[in-house]
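Undergrad: Take a look at the following structure, please.
The values are calculated or read from the model by the stated rules, or taken from the named source; none is laboratory data. Remember, it's a predicted structure, so these values are computed and weren't measured experimentally. In this analysis, Cβ positions are derived from the backbone assuming ideal geometry, glycine residues included, and neighbour counts consider all displayed protein chains.
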């Protein structure tokens, strides 16, 4: 696999994690103003779909969902899954 494709994939992954982090911040903003919220299912799914680092950073940076057992258990687990998938891809592609 060409190095250029790998670089693009990493940039896309970084952008996705930044987006997830900002979405956590947006949901926190909405929570403080009693506005319609983003569902917890969506927030957790974004983490499992490659955005776990962004979700974890968003939780810490915005102090959002830090008391929810659902998030305390699932987001670190999603991070482990994200890392395992990346390692499997790394070894399968020989990068």
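Undergrad: Mind listing just one residue for me: the one in the range 6-33 that is surrounded by fewer than 11 Cβ atoms within 10 Å (Cβ to Cβ) and more than 21 Å from residue 56 (Cβ to Cβ) and, of those, farthest from the chain's Cα centre (by Cα)?
TA: Taking the range 6-33 and keeping what is surrounded by fewer than 11 Cβ atoms within 10 Å (Cβ to Cβ), we get 7, 11, 32-33.
Still in the running and more than 21 Å from residue 56 (Cβ to Cβ): 7, 33.
On the way: 7: 19, 33: 24 Å.
The selected residue is 33.
Undergrad: Related question: I'd like the full set of residues that are more than 20 Å from residue 13 (Cα to Cα) and in a helix (DSSP H, G or I), limited to the range 45-79.
TA: 62, 69, 70, 71, 72, 73
Undergrad: Looking for whichever is part of a helix (DSSP H, G or I) and in contact (Cβ under 8 Å) with a residue 60 or more places away in the chain here; the options are 6, 12, 20. Which one fits?
TA: 6
Undergrad: I've got another one for you. Looking at the range 27-44 only, could you name the residues that are touching a helix residue (DSSP H, G or I) at 6+ places or on another chain (Cβ under 9 Å), under 24 Å from residue 12 (Cα atoms) and either assigned to a helix (DSSP H, G or I) or modelled with pLDDT under 95 (or both)?
TA: Within the range 27-44, 27, 40, 42, 43, 44 meet the criteria.
Undergrad: Hey, among 57, 70, which residue is touching a helix residue (DSSP H, G or I) at 6+ places or on another chain (Cβ under 8 Å), touching a residue at least 40 places away in the same chain (Cβ under 8 Å) and surrounded by fewer than 21 Cβ atoms within 10 Å (Cβ to Cβ)?
TA: Only one candidate passes the filter, namely 57.
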